[in-house]
Amino acid sequence: MKGAYIHDYEQEFDKFHLRMDGRYDSLQAIRTPENIAVCQGKWFNQTLHQVNGSVLRLGMFEGESHMHKPDHDDEVLFVLDGGLTIEAGKGRFELGKYEGICIPHGVMHRPIAR
C-alpha cells in the first residue's frame, strides 16, 4: 500500500507521517477530533478503517506535496475544513470546505494546502 502512495521513497514516507495501521474496528465510532489531536507535523495521514478492500484515511495538510500517482487505486480527497488545490495533468482543481474529487489511478497529481 505504501508503494502506491509514495512510490517507496522511504524518506518521503517518513516526512509525510503516514500511519497505515487501521485505528478503528467495525462498529466503532470514528471520532475526528481524537485524530486531529494526535496530528504531527504539516502533513499527517491516519488510516481509519479498511472497507471492502478500500482504505478510509483522514489527512491534515499544510503546504505543497510532490507529484505522484497511485498505480493501482483511485483516491478520493474530500475537504472537511480549509481548502485544497489539486494540480493534475487535466487541470487545476480548487476545493473548499465540503468539496471533494476522485483522482483515478495512474493520474499524476499533487495536493497543495495553504
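The values are calculated or read from the model by the stated rules, or taken from the named source; none is laboratory data. All values derive from a computational prediction rather than experimental measurement. Note that we place each Cβ from the backbone using ideal geometry, even for glycine, and neighbour counts take in every protein chain shown.
Among the residues of the range 50-70, those identified as in contact with a strand residue (DSSP E or B) (Cβ under 8 Å, 6 or more places away or on another chain) and within 18 Å of G100 (Cβ to Cβ) are V55, L56, R57, L58, G59, M60, F61, S65, P70. Does D21 satisfy the criteria of being assigned to a loop (DSSP other than H, G, I, E, B) and either at pLDDT below 90 or in contact with a His (Cβ under 9 Å, 6 or more places away or on another chain) (or both)? For D21, the condition - assigned to a loop (DSSP other than H, G, I, E, B) and either at pLDDT below 90 or in contact with a His (Cβ under 9 Å, 6 or more places away or on another chain) (or both) - is met.
Close contacts from the range 19-34, counting a first residue that is touching a residue at least 40 places away in the same chain (Cβ under 8 Å) and a second that is outside any loop (DSSP other than H, G, I, E, B), with Cβ to Cβ under 8 Å and a gap of 6+ residues or different chains, come to T32/L58.
If you go through the range 51-70 and keep only what is among the hydrophobic types (A, V, I, L, M, F, W, C) and surrounded by 17 or more Cβ atoms within 10 Å (Cβ to Cβ), you end up with L58, M60, F61. Looking only at residues in the range 27-68 that are among the aliphatic types (A, V, I, L, M) and not in a loop (DSSP other than H, G, I, E, B), the one that is nearest to G106 (Cα to Cα) is V55. In the range 57-114, the residue that is farthest from T32 (Cα to Cα) out of those that are touching a Gly at 6+ places or on another chain (Cβ under 8 Å) and among the charged types (D, E, K, R) is D71.
Of all residues in the range 80-100, those satisfying the criterion of being surrounded by fewer than 17 Cβ atoms within 10 Å (Cβ to Cβ) and closer than 18 Å to N45 by Cβ are L80, D81, G82, G83, T85, G100.
Do you know which of the residues in the range 69-96 that are outside any loop (DSSP other than H, G, I, E, B) and acidic (D, E) is nearest to L56 (Cα to Cα)? Among those that are outside any loop (DSSP other than H, G, I, E, B) and acidic (D, E), it is E75. Scanning the range 43-50 finds no residues that are exposed (fewer than 13 other Cβ atoms within 10 Å of the Cβ), free of Cβ contacts under 8 Å to residues at least 40 places away in the same chain and among the polar types (S, T, N, Q).
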